[in-house]
1. When you check residue 91 against the structure, is it more than 30 Å from residue 200 (Cβ to Cβ), open to solvent by 30 Å² or more (accessible area, probe 1.4 Å) and part of a loop (DSSP other than H, G, I, E, B), yes or no?
2. Just the residues that are open to solvent by 60 Å² or more (accessible area, probe 1.4 Å) and either among the small types (Gly, Ala, Ser) or touching a residue at least 24 places away in the same chain (Cβ under 8 Å) (or both), please, taken from the range 190-202.
3. Is it fair to say residue 211 is surrounded by 10 or more Cβ atoms within 10 Å (Cβ to Cβ) and at pLDDT below 90?
4. Quick one: how many residues across the range 156-189 are without any contact (Cβ under 8 Å) to a residue 40 or more places away in the chain and acidic (Asp, Glu)?
5. Only one of (1) more than 25 Å from the chain's Cα centre (by Cα); (2) open to solvent by 90 Å² or more (accessible area, probe 1.4 Å); (3) under 30 Å from residue 131 (Cα atoms) fails for residue 231. Which number is that?
6. Out of all the residues in the range 61-83, which are assigned to a strand (DSSP E or B) and surrounded by 13 or more Cβ atoms within 10 Å (Cβ to Cβ)?
7. Look through the range 176-189, keep the residues that are charged (D, E, K, R) and outside any strand (DSSP E or B), and return whichever of them is surrounded by the fewest Cβ atoms within 10 Å (Cβ to Cβ).
8. Can you tell me which residue among 144, 139 is under 16 Å from residue 111 (Cα atoms) and touching a residue at least 12 places away in the same chain (Cβ under 8 Å)?
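The values are calculated or read from the model by the stated rules, or taken from the named source; none is laboratory data. Treat the numbers as computed from the prediction; the structure is a model and nothing was measured. All Cβ positions, even for glycine, are placed from backbone atoms using ideal geometry, and neighbour counts span all protein chains on display. These area figures cover heavy atoms from the full protein model, side chains too; ligands, DNA and RNA do not enter into them. Shrake-Rupley method; radii C 1.70, N 1.55, O 1.52, S 1.80 Å.
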Amino acid sequence: GSGEGQSSGINAEYGTVKQINLSSNIMARNAIAAGALLALSYGGMNCFYTVEGGHRSILFSRLGGLQEKVYKEGLNFKMPWLHKPIIYDIRATPRRITSPTGSKDLQTVNISLRVLSRPDPNNLVTISRRLGGDFNERVLPSIVNEILKSVVAQFNASQLITQRQLVSNMVRDQLVDRARDFNIILEDVAITDLSFSAQYTAAVESKQVAQQEAQRAAILVEKAVQERQQKIVQAEGEARAATLLGAAIATNPGYLKLRRITAAKNISGTVARSNNKMYLNADSLFLNIRDTEGDTTLFNLSKEAGEIIEASKVGEEAVAGLVPEVVAE
């Protein structure tokens, strides 16, 4: 009886130990599964990264340094802890740079330049090795000042205004070539502001005022010359008319009668339109056609006018003969 009791006790203890071992195995397996799940979760969160639109990335390895491959937009793989992604924005970025420089005639010129720049996507590794992430700050100010000073020094201050498009083209071409040495692409280069010193601006304004005054004086002189020429032509016309009138009177005394009739017509028309009533005789209206004494007087006047005209012609011929001698002297 005692032997059976001992064997049953041993079996109970063995069963208990077996249960404890089974529970330990289950807990170990659960721990391993939990660890594996955590590892997978950590790896899933750190093995992938996203490159946004308009960006590119390169990988830095703790063992080999920068990798040569450039990763495009989207989801990309990396080894946790071993790889570190470096992301670059390859979109054009505007930047405004102002540079004081000197012109060919030693005038101080302040030029503001607007530059649209972006890194070359195929040479991001080189940019990262040579310049780093702040490549724009390291490169653009220095090369912009260099190019602006070399180009502006070839022009006078006035040429910078009148030939602004040529200056802008030269700056753009040279700046694009210079930036390409640093693997930087310039999308656009434009001069946004061009100003001079206060002294030069005042001198230019004074010059413009003087030029306008000179032009005004030239216009006044030209106007005076035209008025003088007009008076000469008018005087010549009046002299010619007087000559023709004298000739008509000398050759045809009836011309004076015709003029008397025209004057009488004008006087009678004026009197007829007047509200006042008046009485005028024929002598006042120059309508006394029976006045033979007046005709005789007019004929005598016409003869005297003809003699005067002949005398004036003789005088003109004499003066014309003297003119060549005066010119020769």
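1. For residue 91, the condition - more than 30 Å from residue 200 (Cβ to Cβ), open to solvent by 30 Å² or more (accessible area, probe 1.4 Å) and part of a loop (DSSP other than H, G, I, E, B) - is met.
2. Scanning the range 190-202 gives 192, 193, 198.
3. Numbers: surrounded by 10 or more Cβ atoms within 10 Å (Cβ to Cβ): yes; at pLDDT below 90: yes.
Criteria met by residue 211.
4. 3
5. Residue 231 satisfies all of (1) more than 25 Å from the chain's Cα centre (by Cα); (2) open to solvent by 90 Å² or more (accessible area, probe 1.4 Å); (3) under 30 Å from residue 131 (Cα atoms) except (3).
6. To start, the set of residues in the range 61-83 that are assigned to a strand (DSSP E or B) comprises 61, 65-66, 71, 74-77, 83.
Correct list: 61, 66, 71, 76, 83.
7. The residue in question is 181.
8. Numbers: 139 fails: under 16 Å from residue 111 (Cα atoms).
Selected residue: 144, the only one of 144, 139 that is under 16 Å from residue 111 (Cα atoms) and touching a residue at least 12 places away in the same chain (Cβ under 8 Å).
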